[in-house]
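Let me begin by presenting the structure, written as structure tokens, before commenting on it.
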Amino acid sequence: MSIEFYLVLHILGIALLFMSIGALAMHGIAGGTRETNPARGLVAATHGIGTLLIVLAGFGMLAVKYGGAMPGWVHPKLLAWIVLAAAPAILGRKPGAARVFWFLAPLLAVVAAYFAFNHK
């Protein structure tokens, strides 16, 4: 498959992931808990599908461009995506962390984008 195809899937995954993190963060900021979230299943599915698309498309792009090798600049991106993938678990256990994630999530996106665009 082409790198453009993987890029579109990657961006779709990013949109789904951030949509779900925003929903979880707003619910937590409003005082909601895991048990009181009526859209918990939908948000969890959106987050899971988004995370899966990000990972599959990201490694697909690496396979196309680098033949499956993992350059060093990928490691900080993976760390940022791991933290974002853990967001539902963190926000479910500690709803008070929602305000932190509201600002942390875009910063992690910038870190991931920086390493994606500024590697040699």
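The values are calculated or read from the model by the stated rules, or taken from the named source; none is laboratory data. The shown structure was predicted, so the numbers you read here are calculated from the model rather than taken from an experiment. A quick note on method: Cβ atoms are made from the backbone with ideal geometry, for glycine too, and the neighbour counts reach across all protein chains shown.
The table that follows gives values for the structure above.
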quantity: Filter result (within 13 Å of Pro76 (Cα to Cα) and not hydrophobic (A, V, I, L, M, F, W, C)) within region 97-120; calculated: Tyr114, Asn118, His119
quantity: Pair list, Cβ under 9 Å, 6 or more apart: region 83-104 residue farther than 15 Å from Gly48 by Cα and aromatic (Phe, Trp, Tyr), other residue exposed (fewer than 12 other Cβ atoms within 10 Å of the Cβ) and at pLDDT below 90; calculated: none
quantity: Test: residue in region 25-36 that is of a type in the set (A, V, I, L, M), at pLDDT below 95, under 17 Å from the mean Cα position of the chain (by Cα) and surrounded by 13 or more Cβ atoms within 10 Å (Cβ to Cβ); calculated: yes
quantity: The lone exception for His75 - which of (1) modelled with pLDDT of 95 or more; (2) loosely packed, with under 15 Cβ neighbours inside 10 Å it fails; calculated: (1)
quantity: Single residue of region 78-114 satisfying the filter (among the aromatic types (Phe, Trp, Tyr) and surrounded by 18 or more Cβ atoms within 10 Å (Cβ to Cβ)) that is modelled with the lowest pLDDT; calculated: Phe101
quantity: Matching residues in region 67-82 - criterion: being in contact (Cβ under 8 Å) with a residue 12 or more places away in the chain, over 19 Å from Ala45 (Cα atoms) and within 13 Å of the chain's Cα centre (by Cα); calculated: Lys77, Ala80
quantity: Test: residue in region 50-66 that is under 19 Å from Phe101 (Cβ atoms) and of a type in the set (Lys, Arg); calculated: no
quantity: Search result, residues across region 46-72 that are out of contact with any helix residue (DSSP H, G or I) (no Cβ under 8 Å at 6 or more places or on another chain), farther than 17 Å from Ala105 by Cβ and either surrounded by 13 or more Cβ atoms within 10 Å (Cβ to Cβ) or of a type in the set (Asp, Glu) (or both); calculated: Phe59, Ala63
